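Reading through the structure tokens given below for one structure.
Please treat every number below as a calculation from the coordinates, not as lab data. Just so you know, these numbers come straight off a predicted model, no measurement behind them. Methodologically, a virtual Cβ is constructed for each residue, glycine included, from the backbone with ideal geometry; neighbour enumeration extends over all protein chains shown.
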Amino acid sequence: MARSRVSGPVVLLASLPILVLAHHAAVLVHEYGHSGVAWLLGLKATPGSLRWGPVTLMNALTLHGIGENVDYASAFAAGRGTAVALVAATGPLILNGGLYLVARHILLRTPTALTGLGGLLVYWFLFMNLANVFDYVPIRTFAQGDIGHLCQGLGLPPWVVCVVLTPPVIVALLDLYRTVLPTLYGVLRLPSSACIVTHVLTTGLMFGYFGLAGLRSSDAISARLSLLSLACLPIVLLAGWPRRAWVRARAEAAAASLRAA
């Protein structure tokens, strides 16, 4: 069955609002997950009460001021460290990590169900959930926040979490460029300009926005990891450029597989 092609300008114009929607979905799932589990474990009275941050355009677009509104200090003082660790893991690891896997399965295993914009929506939802893992592990493993609470609650040094969880995140990032993006290009039959737009947005946001989260913390290791992320940006941008032969070959294989389905 013939599928309509999505042009480069359409991809750019459609991706911007889709990016915001996908980001909000991933962040809200993350924060409500924290809040809901905290309520179930008796660490807060109301599951839906979040801290929303300032009423500004920047906060409306990025949700940088949102928080789960859980009193972790009181929970630790009450000896509820294990409960705090579970609450902390729920957002980035269980929910964002799990939804990344679900979106990946949809994109790679059921491509015939995807339309042009529907495919972009699934892709950017996948991306935002993976990015919400990446900006915690490895970027902010040594900072205060979700991973800090996880480590404190379980009595683990941050380097243990970093050593255990960073390799799967690196594998997921490699898979994003080696498998997910070429499949997206082929399944949606994106022209070269649209592939380039998607690749540049993906790489710039992952390594130049989410990867810089460590610069907003007071932790020196997190700041260095953010600088490492920034240094990776041009390398990844060039290595995964959509016009490279290996990328085109994988995209064409995905398109051929779809035609045969």
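Residue exposure proxy: THR166, THR202, ordered by other Cβ atoms within 10 angstrom of their Cβ from fewest to most, comes out as THR166, THR202. Here TYR136, TYR177, TYR185, TYR209 are placed in order of increasing Cβ neighbour count within 10 Å, fewest first, which gives TYR209, TYR177, TYR185, TYR136.
Taking the C-alpha atoms only, the angle from helix 220-239 to the longest principal axis of the chain is near 10 degrees. In region 8-260, the alpha-carbon atoms span a convex hull of 125 Å³ per residue. Going from the residue with the fewest nearby Cβ atoms within 10 Å to the one with the most, ASP71, ASP135 rank ASP71, ASP135. Each residue of region 119-126 is assigned a 3J(HN,Hα), and the resulting list reads x, 5, 5, 4, 4, 5, 5, 4 Hz, derived from the Karplus form 6.51 cos²θ - 1.76 cosθ + 1.60 (θ = phi - 60°), x at Gly and Pro. Extension gain, ARG109 to ALA256, is 51.5 nm, computed as 0.36 nm per intervening residue step minus the present C-alpha separation. Please give the residues of region 125-153, grouped as numeric ranges, whose backbone N is less than 13 Å from a label point set 7 Å along the Cα-to-Cβ vector of LEU233. The answer is none, because no backbone nitrogen lies closer than 13 Å to the label point.
Helix 192-208 axis versus longest C-alpha principal axis of the chain: approximately 20°, rounded to the nearest ten. For the chain, adding -39500 (n - 2.57) for each run of n ≥ 4 DSSP H residues and dividing by the number of residues yields -21500 deg cm²/dmol at 222 nm. Relative to the dominant Cα principal axis of the chain, helix 97-109 is inclined by about 10°.
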